[in-house]
Structure formats: structure tokens, C-alpha cells
């Protein structure tokens, strides 16, 4: 049974997502369709890449991932399929796929060459769904494509190590549904330069001196309840994707707010770690 995932910035108000699913099911009635997200910020390629990069590897090999963002073809951004680690990514050549696969060895990169394609503003159905369903039925990739070598790359913000290894300068790369702020500083990079030293993580005017393994490890349950850290307190963790994340414990954007709103942190905001 084929697995086809959908990642788009279409939202849930309009008919687009339902139309995509309906067309898949017409062609492959037994397909398993999984929504990764349809709430990506409009045209935010880095947000799309972050979510899909941290999702796809949890699916079985052979899964087909449709990326419905900035999907209209142009002379510069054609329609492509990238095969990597047994997965297929179908989308426009707008840089998103390069962000997902930049640390991986690509098996194939091809340009889609479907016959009789109607040029309109909804190529996710006219092109991507047709290719995905062809693959889901066991079709060969070469039948619907030709070799391609012009995979577009987007330069991602990279953390910088300065001050003779005493400082790491990073940036916010993602803000989740709780207002938690994900930085581009990985646990691997942090530990490589820490060498057991104490440190300060600086976000705006706030300083954090510990990074926890999980949200609940932030709480010292040996203390009386009225002396513990708790809801609305600021913390940092290594998240499940291996990045340093800044959070408000038990945050709620609709009431107490999250780290993004309370600290005034937006995408690309500077995060500094000083080793003392």
C-alpha cells in the first residue's frame, strides 16, 4: 500500500487539500494519505523544509512526499523529483528540497516531463499528484521524467563560532505552535565547543544557564511545589530534532504567551551562547 504525504501552505479553509486527496484516491483508491502540515506560513520555504526534514524519516522507505508550496513552474523553477534514502520528494525546484536533503547523498534528481499537462495555477494536482500516483502504482520514474542537474540551493543561516571558540552565534529558524523558538544551534555543535565549561545562552535580554533534556527535567520534583520552576518560567532544551530550543514551560499563545511573543523573538533573531 503506497504512502503519499502532503506538506503545503494551503491552510484548512479552502478546497485545495480536499481536491488533492480526492484526485489521489481516484487514481490510487487504496493509497494511504498522510497530512504532514497544511499550516506552513505562506511561502516560508525554510519553515516548510524544517517540518518536512524532521518528519519524512519516520515514514517507511518508498514513501512519496508531495510539497505544495510555490509550486507553479517557471523557466527558473521547474518541477522535479528527488529520490533520497528510499524516499521520493515531488515539488518545484525552489530550494525547499535542497534544504531537506543538503546533508544526504542524493540517489536521483530528475525533471518532470509529463505529456499533455494543462498549465494552470494548481500544478499540485495537474503534475505532482499524477507523478505521485504513477510511482504509487509501481511505475518507473524514468517514464515521467528526464535527468536533471540543476537542483536549486538556498543558503541556510549557519551558526558561527567566534572568540576563539568561546562564543556561538546562532539564529532562530522556526517557531512552533506553542511559541517555542528553535535555533540553528545543534546539540552536537554545542557540546563540541563547551568542553565542560559553564555558559550563558542570551536571547534578547534574557540569560539561560542550563539546557535540559526535556521539558519536565526542568522541574526539580524534590523541592516543595511552591519552590519549583513551573508554568510561565523560561527554559532551554535540546529538542527531539537535536536543536537548542527556547521555551516557556506550559506555554499557551492564547493566554500566557510563548517564548516568541514574550521575548520578542522572530525568525532570524540572533541567539548567543558564551562559554565562561
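From the set of residues in the stretch 118-135 that are assigned to a loop (DSSP other than H, G, I, E, B) and out of contact with any helix residue (DSSP H, G or I) (no Cβ under 6 Å at 6 or more places or on another chain), which is modelled with the highest pLDDT?
Per the criteria, the residue is 122.
Limited to the stretch 251-273, what total is found for residues that are out of contact with any helix residue (DSSP H, G or I) (no Cβ under 9 Å at 6 or more places or on another chain) and either surrounded by fewer than 13 Cβ atoms within 10 Å (Cβ to Cβ) or outside any loop (DSSP other than H, G, I, E, B) (or both)?
14
Of everything in the stretch 39-65 that's over 13 Å from residue 101 (Cβ atoms) and in contact with a helix residue (DSSP H, G or I) (Cβ under 6 Å, 6 or more places away or on another chain), which residue is surrounded by the fewest Cβ atoms within 10 Å (Cβ to Cβ)?
41
Looking only at residues that are farther than 20 Å from residue 5 by Cβ and touching a strand residue (DSSP E or B) at 6+ places or on another chain (Cβ under 6 Å) in the stretch 88-117, which one is surrounded by the most Cβ atoms within 10 Å (Cβ to Cβ)?
Ranking the qualifying residues of the stretch 88-117, first place goes to 111.
Say whether the condition of being touching a residue at least 24 places away in the same chain (Cβ under 8 Å) and closer than 21 Å to residue 162 by Cβ is met by at least one residue in the stretch 212-235.
no
Please verify whether residue 191 is surrounded by fewer than 15 Cβ atoms within 10 Å (Cβ to Cβ), at pLDDT 95 or above and closer than 30 Å to residue 56 by Cα, treating the condition exactly as stated.
Answer is yes for this residue.
Show the residue pairs that are 6+ apart or on different chains and have beta-carbon atoms under 8 Å apart, the first residue being within the stretch 137-163 and closer than 24 Å to residue 30 by Cα, the second being part of a loop (DSSP other than H, G, I, E, B).
137/2; 137/28; 144/113; 144/114
The values are calculated or read from the model by the stated rules, or taken from the named source; none is laboratory data. For clarity, every value in this text was computed on a predicted model and none was experimentally measured. Methodologically, a virtual Cβ is constructed for each residue, glycine included, from the backbone with ideal geometry; neighbour enumeration extends over all protein chains shown.
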